[in-house]
Structure formats: C-alpha cells, structure tokens
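The values are calculated or read from the model by the stated rules, or taken from the named source; none is laboratory data. As the structure is a prediction and not an experimental result, all values here were calculated from the model. Glycine gets a Cβ as well: all are built from the backbone with ideal geometry, and neighbour counts include every protein chain shown.
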Amino acid sequence: MLKSVLTVVTIIFLAAAVYSTTGGGDLKFTPEKTAPVYFSHEYHVDVKGIKCMACHLHRFELVRGTYKMKKGKLNKRDFCEFCHNGLKAFDAGATKNCNRCHKR
C-alpha cells in the first residue's frame with residue numbers, strides 16, 4: 001500500500017516538473033456544434049503565474065488523452081469556468097466573451 005502511494009506521488013511530482021518546464025503547449029478542444037476552443041499554457045503559467053497543480057490536480061488530466069470534457073460538468077463550472085466565472089477571471093458563461101476562447 002505504501003509503495004503504491006509513493007508511486008502515485010512520484011508520478012504527480014514528475015508530471016508537475018514536466019509541465020512546469022514545458023508549459024504543456026497550446027491545446028485545441030473541438031466541442032460539438034461550436035467553434036474550437038484554444039487554450040494557452042504559456043499565457044496561464046508564464047504570464048499569469050498559475051501553478052500547474054492548480055488545474056491539473058482536480059480539474060484537468062495530467063496525461064493528455066486520458067479523459068474527455070463532459071458538457072454536464074462544464075455546465076457546473078467544473079472546468080474552465082471554475083476560474084473564468086467573472087470573479088477570478090472573465091466570465092466564460094457571458095455571451096460577450098465567447099470569442100475569447102472559441103476561434104473560427
């Protein structure tokens with residue numbers, strides 16, 4: 001049991017180290033029936049100073065391709081809107097802000 005816990009902790013710290021040095025790159029999400037969403041790790045990490053684990057520990061995957069966003073969770077502000085709620089960052093739920101993330 002202790003060995004399993006140590007293995008998981010080691011993987012998390014290694015992933016954090018990789019993301020912190022590479023920034024994770026830019027991502028493109030392609031939701032159904034809407035324009036793609038583009039996310040910049042460089043902007044969020046380097047410009048805004050957000051730590052990787054602020055998002056990756058609970059909100060987003062550590063390894064690319066291991067899960068998919070679900071609209072039900074998105075509507076509950078479990079992903080981007082956890083911060084982009086009009087209080088911490090611009091309100092992603094406001095129609096006037098759609099083009100800040102959805103690009104054609």
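Give the number of residues within the stretch 22-32 that are part of a loop (DSSP other than H, G, I, E, B) and surrounded by 11 or more Cβ atoms within 10 Å (Cβ to Cβ).
Residues in the stretch 22-32 being part of a loop (DSSP other than H, G, I, E, B) and surrounded by 11 or more Cβ atoms within 10 Å (Cβ to Cβ): 4 in total.
Which of (1) modelled with pLDDT under 75; (2) over 13 Å from the mean Cα position of the chain (by Cα); (3) surrounded by 12 or more Cβ atoms within 10 Å (Cβ to Cβ); (4) not polar (S, T, N, Q) does Lys70 not meet, given it meets every other one?
(3)
Would it be correct to say that Asn99 is over 16 Å from Leu27 (Cβ atoms), surrounded by fewer than 14 Cβ atoms within 10 Å (Cβ to Cβ) and modelled with pLDDT of 85 or more?
yes
What tally of residues in the stretch 35-57 results from selecting those that are β-branched (Val, Ile, Thr) and free of Cβ contacts under 8 Å to residues at least 12 places away in the same chain?
2
Of all residues in the stretch 33-56 being among the hydrophobic types (A, V, I, L, M, F, W, C) and farther than 18 Å from His102 by Cα, which is surrounded by the fewest Cβ atoms within 10 Å (Cβ to Cβ)?
Within the stretch 33-56, the match that is surrounded by the fewest Cβ atoms within 10 Å (Cβ to Cβ) is Val47.
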